[in-house]
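The values are calculated or read from the model by the stated rules, or taken from the named source; none is laboratory data. Just so it is clear, the structure is predicted and the values come from calculations on it, not from any experiment. Note that each Cβ is placed from the backbone with ideal geometry, even for glycine, and that neighbours are counted across all protein chains shown.
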Amino acid sequence: MDHPLPRLRQTVLDAENVRELAEFYRQLLGLVYREEAEPPTKGEDDADWLNLRYPDGSPALAFQQVDRAVSLGGRVLLDRSDDPEEPLFVVADPAGHPFCLFVA
């Protein structure tokens, strides 16, 4: 029996300033914010997770802060955020599965 291949739904980029990086890619690639992710019209922007979509509504990119993964139950296994060639964090999800968050 043939099994369909998995399909990536979107790419998630880590950022220190989520809005700043999202805005760069939004303008560069002609993307739009998901309805709930629009910049606030007043007050502080404390976004720690943002989604950008293609104009047709399909997912494109998402942005998160490393501390968001930890606040959701992840655990930092390795901090290489100061590595000049490949800055990243290795984080374990709540079940212990490791994954990398590359620092922008």
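Inclusion of A69 among residues that are out of contact with any Pro (no Cβ under 6 Å at 6 or more places or on another chain), among the aliphatic types (A, V, I, L, M), farther than 17 Å from T11 by Cα and modelled with pLDDT under 85 is not warranted. If only residues of segment 54-104 that are under 24 Å from Q27 (Cβ atoms) and charged (D, E, K, R) are counted, the one that is surrounded by the most Cβ atoms within 10 Å (Cβ to Cβ) is R68.
The condition (being on the phi > 0 side of the Ramachandran plot and outside the structural domain of Y25 (by TED's automatic domain parsing)) is satisfied by just one residue among G73, G57: G73. Selection of segment 54-83 for residues being more than 13 Å from the chain's Cα centre (by Cα), over 18 Å from L101 (Cβ atoms) and not acidic (D, E) yields Y54, P55, G57, S58.
Check segment 20-32 and report whether any residue there is closer than 16 Å to L101 by Cβ, surrounded by 10 or more Cβ atoms within 10 Å (Cβ to Cβ), touching a Phe, Trp or Tyr at 6+ places or on another chain (Cβ under 9 Å) and not assigned by TED's automatic domain parsing to the domain that holds V103. Scanning segment 20-32, I find at least one residue that is closer than 16 Å to L101 by Cβ, surrounded by 10 or more Cβ atoms within 10 Å (Cβ to Cβ), touching a Phe, Trp or Tyr at 6+ places or on another chain (Cβ under 9 Å) and not assigned by TED's automatic domain parsing to the domain that holds V103, so the answer is yes.
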